[in-house]
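Nothing in this text is a laboratory measurement; each read-out follows from the coordinates by a stated rule. Everything numeric in this text was worked out from a predicted model, so none of it was measured. Neighbour counts run over all protein chains shown; Cβ positions are idealised from the backbone, glycine included.
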There are 2 protein chains.
Amino acid sequence: MRDFLPAEVNAREKVLSTVSGVFESYGFGPLETPAIERLEILQGKYGEEGDRLIFKIAQRGAKATEEADLALRYDLTVPLARVVAEYGDRTGKIFKRYQVAPVWRADRPGRGRYREFYQCDVDVVGPEFGLADAETILVLTDALAALGLKGFEVRLNSRKVLRGLLESYGIDPARETDVLVALDKFDKIGEAGVRKELDERGLDAAFLLLEVSGPEDELRRQLGRTEVGRAGLEEVDRLIDLAGPLVSDGAVRFSPMLARGLSYYTGPIFEVYVKGSTSAISSGGRYDDLVGMFAGRSIPAVGGSLGIERIIPLVSRPEEGVVSPAKVLVAVLDGDSPGDALGLAAELRAARIPTEVYLDEDHVGKQIGYASARGIPYAVLRGPKEKEQGIVTIRDLQTREQTAVPEGDLIAVLRDRSST
Amino acid sequence: MRDFLPAEVNAREKVLSTVSGVFESYGFGPLETPAIERLEILQGKYGEEGDRLIFKIAQRGAKATEEADLALRYDLTVPLARVVAEYGDRTGKIFKRYQVAPVWRADRPGRGRYREFYQCDVDVVGPEFGLADAETILVLTDALAALGLKGFEVRLNSRKVLRGLLESYGIDPARETDVLVALDKFDKIGEAGVRKELDERGLDAAFLLLEVSGPEDELRRQLGRTEVGRAGLEEVDRLIDLAGPLVSDGAVRFSPMLARGLSYYTGPIFEVYVKGSTSAISSGGRYDDLVGMFAGRSIPAVGGSLGIERIIPLVSRPEEGVVSPAKVLVAVLDGDSPGDALGLAAELRAARIPTEVYLDEDHVGKQIGYASARGIPYAVLRGPKEKEQGIVTIRDLQTREQTAVPEGDLIAVLRDRSST
């Protein structure tokens, strides 16, 4: 887990607010859910490995030795499903929300991974397959473009394509998860690895691998043999048609190999790659059954997320240490009148100039050093001599130039300098 | 615990960003710490009751049955102390930070209290008593004023005043906490209640009560008898002198009765009341020993917080349900060309007009109803007939007026309307 000092918070916030701005421009509204959910809400939604990685909260008081009943949020999708089930009358028939918030996983940390990290999700709950799926791809690639990233490849598939293939080869649909889990590792372990894993799981699925990595027209022919396969192809083609022309600086491509690990997807699934990156920086898909698990009636949904922790270092470089949001430091030169410094700072702030007062007792050199180290551009000095003459000294901390100005001109001069 | 739907998030965010803006105008920078801390960091810092209310995280894997080693953040002050100890070389000799973030307490919920709630803290780590204490009071009252609150009463005391009194009456300093805990309940249980509680704790402290509620000149005389009492009075007088004249629309008053529950305060303590409120909406004080517990060397600090969960309902009234950030809804009228709707929406967004596309298949009345319910001011309709004629219909959802405009004028007309 990490602490973020002010310069890092500022850099992260800038990225997050750009992204939120794009989400809002599409009409997505912000949702906030608590960090703690009831354990039963989370359990069984993320697969076996997921269940193991949920942080559980110990029971309180006399029940301390009993099984945990609460847990920390593991992702933002399951809480969304719970919210829609709970507040359906208020969220309406179509609910478009985004959420940018930390989640927690009891993973072995390391390799740039953390046990607390931010997720950044957009989802549309309500509509069946169609425009909503296209918009999900568009809003995410737009957000990436707004961050200055370029050259997107949207890899698109449908769970129905995979299901159609299995069906066309007479493989038990109950084995679908095994195939998905193996296929999902293709990028990591290569074709030979996937083949081995399928073998180990007792699946004679070499033909499947050939199919998804072979010529597309052959694959399309094979998919045409089952209803679900045809439906999958239709979804893929429709999305390429709808979203393809509108993806900024990129293309949408049918990627029959794409599996996505999560078990709750039911229709289209996608991943976004940026030029030169070997792993996806955004992904998502349709999950028509998850919300229904909580609501007790079928509620279709589609959504996606930005891999924001991976994206932030790509697009921003925070300054080191602590930076001050202030533009001016009022130095305290005269032991008898620190109250005057507070008053002068209040005047500057009232004129919308962010201003710090030096809060300790140190000689002026140290005060100037403090301002420089924090990137404050100007120091204002008003010692006993200046007071007598009714003037103030402005020190430019970059050029080290000092200018004396009449007290009454101070605000105008500082404003003038800040605007150039 | 609570979920916040978009309208509520917006209302809360508005308050929080006003407050952060004031904090930044004083040069405080944002800090983010993780939700999870090591349990040993938190334990023993909040008193006996506090220890009981810490949410503990169960051990993972094979260690599941062992004692918890992690816990959820209980406040923002202890994490700050840990950060300063850990990153002292980066935070520098004076570290001014704010943090607005949730904390968790395993309290019995109810009466407007929640187990997850936001705290909103400003702290100055480094300087000894003086300007920093005054600035803490000023930045908090300024933030309250920026939220539109008026008529502040800052009640001020010093732990040294209380210690001085005990010493002057020969009470064992080890009993100080007992006296503080009893005095702190004055607002809740009244003078008789406090007297009873002191009796029960075996403290013959009726005189103490008389003293703190009696004439100030008598109290000052009594305090003058001990060194620590004199130091406490000096702190109080100095702060009234420094901060008093600058508190916007309010006054700073010596309140010898003020005790504050938390055990870690060492010097001045204060509470801010707003006209008509019976409980404090902001509070704070100096805690010179807490940071040192982590850093292994003495590091003075002063800070305070806004009772933001109590303040939000005072200053904002969220709209009901879900509001859309969009200004325009593009209706989908023509089953064959939903892609056109996506394209038109993209054009409007490129012109910085936040735009939704209706993402489901419904007749136009339902689409208009969706926009109205979400407070979207305009709907844009472009059916087959309009397309033929190269026009677009704009519907004002408040007046229900419809205007047909040439396609090329759409953006200009919408911009024009939004600006009036």
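A few comments on the model shown:
- Spin-label proximity, B:K185 to segment B:197-233 - amide N less than 18 Å from point 7 Å beyond Cα toward beta carbon: B:197-210
- Considering only A:T399, A:T33, A:T355, the mean-square fluctuation computed in a Gaussian network model of chain A, springs between alpha carbons under 10 angstrom, is largest for A:T399.
- For A:Y114, inter-copy label distances in nm, listed shortest first [label point 7 Å out on the Cα-Cβ vector]: 2.3
- Of the trypsin sites (Lys or Arg not before Pro) found in segment B:118-161, those in coil by DSSP whose Cβ has at most 14 other Cβ atoms within 10 Å are B:K150.
- For A:R230, inter-copy label distances in nm, listed shortest first [label point 7 Å out on the Cα-Cβ vector]: 9.9
- Gain on full extension, evaluated as 0.36 nm per residue between A:T278 and A:R225 minus their Cα-Cα distance, stands at 15.7 nm.
- Dipole moment magnitude, nearest 20 debye, chain B about Cα centre, only Lys, Arg, Asp, Glu C-beta charged: 140
- Electrostatic dipole magnitude of segment A:101-177 [Cβ: Lys, Arg +1; Asp, Glu -1; Cα centre; debye, to 20]: 520
- Residue of chain A with the smallest Cβ distance to the axis mapping A onto B, distance rounded to whole Å: A:A58, 2.
- Net charge dipole size for the protein assembly as shown [Lys, Arg +1 and Asp, Glu -1 on Cβ; Debye, nearest 20]: 0
- Segment A:64-93-segment B:268-342 distance, computed between alpha-carbon centres (Å): 22
- Charge-dipole axis of chain B as Lys and Arg at +1 and Asp and Glu at -1 on Cβ define it, positive-most pick from B:L144, B:Q398, B:A243: B:Q398
- Kyte-Doolittle mean at least -1.0 and Cα axial length at least 20 Å: DSSP H helices in chain B: B:6-25, B:131-146, B:227-243
- Segment A:392-417-segment B:123-195 distance, computed between alpha-carbon centres (Å): 39
- Rg/Rg_globular for the protein assembly as shown, with Rg_globular taken as 2.2 N^0.38 Å and Rg from C-alpha atoms: 1.09
- Cleavage-rule hits, trypsin sites (Lys or Arg not before Pro), segment A:245-337, DSSP coil, Cβ neighbours within 10 Å at most 14: A:K275, A:R297
- Between this copy and the others, label points of A:K14 are 2.8 nm apart in ascending order, each placed 7 angstrom from Cα in the Cβ direction.
- Segment A:320-334 residues near the modelled A:S17 label - backbone nitrogen below 13 Å, point 7 Å along Cα→Cβ: A:325
- Cleavage-rule hits, trypsin sites (Lys or Arg not before Pro), segment B:341-376, DSSP coil, Cβ neighbours within 10 Å at most 13: B:R352
- Treating r as the C-beta distance of A:D409 and B:I411 and R0 as 45 Å, the FRET efficiency rounds to 0.50.
- Computed [θ] at 222 nm, helices only, for the protein assembly as shown once each DSSP H run of length n ≥ 4 contributes -39500 (n - 2.57): -13000 deg cm²/dmol
- Estimated from the Cβ-Cβ distance and a Förster radius of 22 angstrom, the FRET efficiency linking A:K366 and B:R38 is about 0.05.
- In order along segment A:113-129, the Karplus-derived 3J(HN,Hα) couplings, from 6.51 cos²θ - 1.76 cosθ + 1.60 at θ = phi - 60°, round to 10, 10, 7, 10, 8, 8, 10, 9, 10, 10, 9, 10, 9, x, x, 5, 3 Hz, and Gly and Pro are given as x.
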